[in-house]
Amino acid sequence: MLVKNGNLYVSTSSTNVQSFEPSCHLTGLLIEGLSVLASVTEDESLINLMIQVATSAINAPQWHGSDGILKVGSDGDVSTYNDDHAFKGFLLRGLLEAYRRTPTNTAFRTLIRSYINVQFNALRELAREGDDYGVDWRGPFKGPFLHGQLAAFDALVATIGVQES
């Protein structure tokens, strides 16, 4: 079941929505799916919903530090795998799809490009050692764990996708 919680959505099989927090990676998948569906159907309400969810995700204070860097999966032991560590890049993947499918919405595309560039710069400057990327994008680099590389991959691909030619 997909339930609205503020301007973000919660995926749950329970009716007790209060016990669930919106998930960064599931929100990324929702944005990606809405982007494709809205583009194919040209349904204005879906386009507006996709923009609302994407904008809310970019501005979600529970997922970002005051510097705008994604902090999901940065708490606790970053050497231990969890979905937040490995899949937070899904948010950037979803935003990239939204960017690609809204070619005439300049303000929205600028917001997405700026957001993705902040994440890329954090990865490059704060969370990298050589060719390895850390789990905590705010740094410092704490080891080349596979789940950190997975999340960074989506961020790096998204960065390439939003650069203007």
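The values are calculated or read from the model by the stated rules, or taken from the named source; none is laboratory data. Just so it is clear, the structure is predicted and the values come from calculations on it, not from any experiment. Glycine also receives a Cβ, built like all others from the backbone with ideal geometry; neighbour counts cover every protein chain displayed. We work out accessible area using only protein heavy atoms, side chains counted, and drop any ligands, DNA or RNA first. Shrake-Rupley method; radii C 1.70, N 1.55, O 1.52, S 1.80 Å.
Restricting to segment 119-154, what's the tally of residues that are among the acidic types (D, E) and either closer than 20 Å to D83 by Cα or within 14 Å of the chain's Cα centre (by Cα) (or both)?
Matching residues across segment 119-154 total 3.
Go over the candidates S35, S14, S39 one by one and state the one that is farther than 28 Å from V135 by Cβ, open to solvent by less than 60 Å² (accessible area, probe 1.4 Å) and at pLDDT 95 or above.
The match here is S39.
Mind telling me which of the residues L150, L146, L96 ends up being of a type in the set (A, V, I, L, M) and modelled with pLDDT of 95 or more?
Among L150, L146, L96, only L96 is of a type in the set (A, V, I, L, M) and modelled with pLDDT of 95 or more.
Does segment 78-98 contain any residue that is touching a residue at least 60 places away in the same chain (Cβ under 8 Å), out of contact with any strand residue (DSSP E or B) (no Cβ under 6 Å at 6 or more places or on another chain) and hydroxyl-bearing (S, T, Y)?
Within segment 78-98, one or more residues are touching a residue at least 60 places away in the same chain (Cβ under 8 Å), out of contact with any strand residue (DSSP E or B) (no Cβ under 6 Å at 6 or more places or on another chain) and hydroxyl-bearing (S, T, Y).
Hey, among the residues in segment 20-46 that are β-branched (V, I, T) and in contact (Cβ under 8 Å) with a residue 40 or more places away in the chain, which one's nearest to D84 (Cα to Cα)?
This residue is T27.
So, in segment 155-165, of the ones that are free of Cβ contacts under 8 Å to residues at least 60 places away in the same chain and farther than 15 Å from L70 by Cα, which residue ends up nearest to the chain's Cα centre (by Cα)?
Of everything passing the filter in segment 155-165, I160 is nearest to the chain's Cα centre (by Cα).
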